[in-house]
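**Student:** Below you will find the structure I want to go over with you.
The values are calculated or read from the model by the stated rules, or taken from the named source; none is laboratory data. In this text, all values refer to a predicted model and were calculated from it rather than measured experimentally. As a convention, Cβ positions derive from the backbone with ideal geometry for all residues, glycine included, and neighbour counts pool all protein chains shown.
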Amino acid sequence: MIIWVASYPKSGNTLVRSILSSLIYSEDGNFNFNLLKKIDQYPQNHHFEGLINKFNDIDELSKFWTISQDKLNLDKKIKFLKTHHLRCGIGNYTFTNSKNTIGTIYIVRDPRDVIISFAQHHSLSIEEAKSNMFRTDSYEFPEREKNPDLALRTLLGSWSDHYNSWTKNNKNLLFIKYENLIKNKKSELSRIIKFVNNYVKIPISETKINNCINSTTFESMKQNEEKGLFEENTYDKNGKKIKFFNYGKEGNWKSVLSKELVLNIEKKFKKEMSELKYI
């Protein structure tokens, strides 16, 4: 059975996976990047091997969401899956279903900060990143749209589409604000442990918790990335590796975004940002 670790890109998913993997798969709670491999990302090509050949057609792909998840659950074990995909339905097919899903951890981050990290991660201008976050038909890797044969399509929708799709009418949901995770990590860690213990019993000690907190700081993971230990980087148009851990602090938008763009984002996502107390 699947527990989704879901978020819009650049919202803290990697941090939450780091915490989860160090608590569940490390005896002493110390995190290292190899532990991230314990939490697979869905959807990827290998989930649909033997089912389809055309990975870039979202309408065709949607027909096999349930079947591919059935295959993942043949071992009857509880598994955590990272996803940035919109929780949606296409025709008669839904991205998640109660047969294969038992819970969700959803992470949200201020869209004014997301836009900066998203632009940097995909070698986009801020304006291009804004366009992607505003569009209802956007995909995770906008740079691939000019050459859609490159990879499987991960549908995002707009930032608000994504947030609403995962947080509304979703049972067994643990909702995490990235900003709370940064400010009150130990408190949020307790919430994560309590949620996970409903499904997987984790041996916990004060030492393990402290090790987890200290080894998953932004600075610690940034330093380990600089040592070449991180394997989830993207590359710019010239083939140069893009730093993944770059803008981890909250409120970075205040010194980066124009006043006009800030007002534009706040107007577009007013309902959701007010609900989340970002404005």
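**Student:** Check D28 against each of (1) surrounded by 16 or more Cβ atoms within 10 Å (Cβ to Cβ); (2) modelled with pLDDT of 90 or more and name the one condition it does not meet.
**Tutor:** D28 satisfies every listed condition except (1).
**Student:** Answer yes or no as to whether A6 is buried (at least 19 other Cβ atoms within 10 Å of the Cβ) and in contact with a strand residue (DSSP E or B) (Cβ under 8 Å, 6 or more places away or on another chain).
**Tutor:** yes
**Student:** Can you name the residue in the range 77-93 that is among the aliphatic types (A, V, I, L, M) and under 12 Å from the mean Cα position of the chain (by Cα) and, of all such residues, is surrounded by the fewest Cβ atoms within 10 Å (Cβ to Cβ)?
**Tutor:** By that ranking, first place goes to L81.
Residues are listed down the side, and each one gets a yes or a no for (1) in contact with a Gly (Cβ under 7 Å, 6 or more places away or on another chain); (2) within 30 Å of K183 (Cβ to Cβ); (3) touching a residue at least 40 places away in the same chain (Cβ under 8 Å):
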position: L36; (1), (2), (3): no, yes, yes
position: N45; (1), (2), (3): no, no, yes
position: N53; (1), (2), (3): no, no, no
position: K63; (1), (2), (3): no, no, no
position: L81; (1), (2), (3): no, yes, yes
position: Y93; (1), (2), (3): no, no, no
position: I102; (1), (2), (3): no, yes, yes
position: I126; (1), (2), (3): no, yes, yes
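**Student:** If I filter the range 166-202 down to residues being among the hydroxyl-bearing types (S, T, Y) and over 16 Å from the mean Cα position of the chain (by Cα), which single residue comes out as farthest from E250 (Cα to Cα)? Write out each step before concluding.
**Tutor:** Of all residues in the range 166-202, those among the hydroxyl-bearing types (S, T, Y) come to 167, 178, 187, 190, 199.
Filter once more, so that each one left must be over 16 Å from the mean Cα position of the chain (by Cα): 187, 190, 199.
Values: S187: 18, S190: 21, Y199: 31 Å.
The selected residue is Y199.
**Student:** What's the number of the condition G29 fails, among (1) on the phi < 0 side of the Ramachandran plot; (2) assigned to a loop (DSSP other than H, G, I, E, B)?
**Tutor:** Single failed check for G29: (1).
**Student:** Among the residues of the range 158-202, how many are of a type in the set (S, T, Y) and surrounded by fewer than 16 Cβ atoms within 10 Å (Cβ to Cβ)? Quick ask: steps written out before the conclusion?
**Tutor:** Our first condition is that a residue be of a type in the set (S, T, Y); within the range 158-202, this holds for 158, 160, 163, 165, 167, 178, 187, 190, 199.
Still in the list and also surrounded by fewer than 16 Cβ atoms within 10 Å (Cβ to Cβ): 187, 190, 199.
Number of matching residues: 3.
**Student:** Scan the range 107-157 for residues that are at pLDDT below 90 and acidic (D, E) and report the count.
**Tutor:** 5
**Student:** Please find, among N53, N45, the residue that is over 30 Å from T207 (Cα atoms), under 20 Å from the mean Cα position of the chain (by Cα) and surrounded by fewer than 14 Cβ atoms within 10 Å (Cβ to Cβ).
**Tutor:** Criteria check complete, one pass: N45.
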